[in-house]
1. Does Leu142 fit the bill of being under 26 Å from Leu60 (Cα atoms), part of a helix (DSSP H, G or I) and without any contact (Cβ under 8 Å) to a residue 24 or more places away in the chain?
2. Out of all the residues in segment 68-78, is one or more surrounded by 12 or more Cβ atoms within 10 Å (Cβ to Cβ) and in contact with a strand residue (DSSP E or B) (Cβ under 6 Å, 6 or more places away or on another chain)?
3. Taking segment 129-151 only, how many residues are over 23 Å from Thr103 (Cα atoms) and β-branched (Val, Ile, Thr)?
4. In segment 109-128, what count of residues is obtained for those that are closer than 14 Å to Tyr71 by Cα and in a strand (DSSP E or B)?
5. Can you confirm whether segment 133-151 contains a residue that is modelled with pLDDT of 95 or more, under 18 Å from the mean Cα position of the chain (by Cα) and surrounded by 13 or more Cβ atoms within 10 Å (Cβ to Cβ)?
6. Hey, can you tell me all the residues within segment 101-125 that are in contact (Cβ under 8 Å) with a residue 24 or more places away in the chain and exposed (fewer than 14 other Cβ atoms within 10 Å of the Cβ)?
Amino acid sequence: MNRRAAKSASTATAKSKALAPSVSLPALLDKGPEPDGTFRQLLYDISVVATHLESARQYLAERLGVTSPQYNIVMVVARMGGETGVSVSDVAARLNVTGAFVTNEVKKLVKAQLIVKKSNPDDGRGVLLSLSPHGHEQVRALEPDLLMVNDRLFSTVSREDFLHLARTVGSLIDVFGQTVAVLKALSTTASGSIPLAPSTPRKARATRRS
């Protein structure tokens, strides 16, 4: 076999071993031999960032003596509760979780004397959540650590990049949740197909403060 034929055979072998792109949406594809390269790197990077963020949250949660999800609830109640308290549904909406999940975790936080519940005057069946005096004291004591962690995590982010990141991540919450719901449904069946992504993106959520 001559050199040109050998090179042609090698190229053909390499192409036959190449994997198909892991995504087909045009907006996510690059030009060139590795069209999904940037997309796949983004997924790897998001996974690493999520792991580091969870580790930071876990550190702060341990300072309060609670779990990471409970920490999130405490901080939302601290920010939104004010003098009157905040409803379970509002806490759940802020954290993108179910009301049942918040209710279950709040029971533990009440037992830990970090949160207090009182009847909602506008809803006889509902309750309003506030920090207890002990909870308020614990959260205030945590503020220097919270400031240090957040300042270090985002020290390299410009204002413009921060706003763009907030909009982008917010716009992904619903479709990510819908995709996971589809996967859970598929996992209970012997076979099935995943619906195609919507042709037009959903409107980005407004930036939330926590």
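The values are calculated or read from the model by the stated rules, or taken from the named source; none is laboratory data. Please read all numbers here as calculations on a predicted model, not as lab measurements. In this analysis, Cβ positions are derived from the backbone assuming ideal geometry, glycine residues included, and neighbour counts consider all displayed protein chains.
1. Working: under 26 Å from Leu60 (Cα atoms): yes; part of a helix (DSSP H, G or I): yes; without any contact (Cβ under 8 Å) to a residue 24 or more places away in the chain: no.
No; evaluated as a whole, the condition is false for this residue.
2. Taking segment 68-78 first, the residues surrounded by 12 or more Cβ atoms within 10 Å (Cβ to Cβ) are 68-78.
With in contact with a strand residue (DSSP E or B) (Cβ under 6 Å, 6 or more places away or on another chain) added as a condition, the list becomes 77-78.
Checked segment 68-78: at least one residue is surrounded by 12 or more Cβ atoms within 10 Å (Cβ to Cβ) and in contact with a strand residue (DSSP E or B) (Cβ under 6 Å, 6 or more places away or on another chain).
3. Our first condition is that a residue be over 23 Å from Thr103 (Cα atoms); within segment 129-151, this holds for 140-151.
Narrowing the set further to residues that are β-branched (Val, Ile, Thr) leaves 149.
The total comes to 1.
4. Initial filter on segment 109-128 (closer than 14 Å to Tyr71 by Cα): 109-110, 112-115.
Next cut, in a strand (DSSP E or B) only: 115.
Result for segment 109-128: 1.
5. Within segment 133-151 (the criterion being modelled with pLDDT of 95 or more, under 18 Å from the mean Cα position of the chain (by Cα) and surrounded by 13 or more Cβ atoms within 10 Å (Cβ to Cβ)), the answer is yes, since at least one residue qualifies.
6. Lys118, Asp123
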